[in-house]
Amino acid sequence: MKTFLAALCLAGSLAAQQRMEVTLQRQEASEWKTVDPGLVFDSGDRVRFRFRANFDGYLYVMNAGTSGSYSLLFPRDETGRDNRIESSKEYLIPATQSWFRISGPPGQDVVYWLVSPVPLASGGAGFVPTPPNPGPPKILLPRCDDSILRARGLCIDSSAGLRGISEGEELPANLKGVPRAGSRELIIMSQQSSSLISSPVPLTGPVLYEFRLAHR
């Protein structure tokens, strides 16, 4: 009986957590296929993300490319800069064209995800969607992890994919002032088809995490 009650309490706790799901896809011919988050892409590949949360909130997604570019993937000008998200609704990232092409020198693009259950006023908390001076790109060269089974000769980089923001990590100028204590408390789990992010406590403010997109 105690074991059964403990299982019910655990299930209820997990159900009450605020969760986000991120899925990475690549276009193959005319189809979009879900791929491993650590897949090392080739230049010219078309990729996109699918995002879903179990709570209402606000989302910004920014991409720091290996060429030094820094762009806003969500929301976009074409959507009226509306970044509100609704519980259980799925969103494509980028917001309008629904894909972006892999380009730039070999390395890892760093895609920053800023999620908040409450609205962030423009310029508030040290945040604006894109900074005037993104700064030099990070040098994170992709590498194939030989310890990971590679089907059909695919290269998987175990350092790529979804991850929290580490202590002391250098951030783009527009993200430095955003409160991010919660990012170190997030629970990140990789599944076969997606990456899950959950918070053990209710989110009361913005959290920040990143998706490292490896390419050669």
Pairs with Cβ under 9 Å, 6+ apart, first in the range 166-184 and closer than 18 Å to Asp109 by Cβ, second at pLDDT 80 or above and of a type in the set (Ser, Thr, Tyr): Leu171/Tyr112; Pro172/Tyr70; Pro172/Tyr112; Asn174/Tyr70; Leu175/Tyr112
Counted residues, the range 139-168 - those being under 30 Å from Val118 (Cβ atoms) and either modelled with pLDDT of 85 or more or touching a Gly at 6+ places or on another chain (Cβ under 6 Å) (or both): 5
Test: Phe41 is closer than 18 Å to Ser195 by Cβ, over 16 Å from the mean Cα position of the chain (by Cα) and surrounded by fewer than 19 Cβ atoms within 10 Å (Cβ to Cβ): no
Members of the range 59-68 found to be out of contact with any Ser or Thr (no Cβ under 9 Å at 6 or more places or on another chain) and assigned to a loop (DSSP other than H, G, I, E, B), listed by number: Gly68
Failed condition for Ser198, given (1) within 15 Å of the chain's Cα centre (by Cα); (2) modelled with pLDDT under 75; (3) polar (S, T, N, Q): (2)
Filtered residue count, the range 21-35, keeping only those that are at pLDDT below 95 and buried (at least 21 other Cβ atoms within 10 Å of the Cβ): 0
Flag for Phe55 being surrounded by 13 or more Cβ atoms within 10 Å (Cβ to Cβ), in a strand (DSSP E or B) and at pLDDT 90 or above: no
Any hit, the range 60-68, residues being within 18 Å of Leu203 (Cβ to Cβ) and buried (at least 20 other Cβ atoms within 10 Å of the Cβ): yes
Residues satisfying the stated conditions in the range 98-133, i.e. of a type in the set (S, T, N, Q), more than 18 Å from the chain's Cα centre (by Cα) and either modelled with pLDDT under 75 or not in a loop (DSSP other than H, G, I, E, B) (or both): Ser122, Asn133
Pairs with Cβ under 8 Å, 6+ apart, first in the range 42-59 and over 15 Å from Leu73 (Cβ atoms) and touching a residue at least 60 places away in the same chain (Cβ under 8 Å), second of a type in the set (Gly, Ala, Ser) and not in a loop (DSSP other than H, G, I, E, B): Gly57/Ser116
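The values are calculated or read from the model by the stated rules, or taken from the named source; none is laboratory data. Just so you know, these numbers come straight off a predicted model, no measurement behind them. Note that each Cβ is placed from the backbone with ideal geometry, even for glycine, and that neighbours are counted across all protein chains shown.
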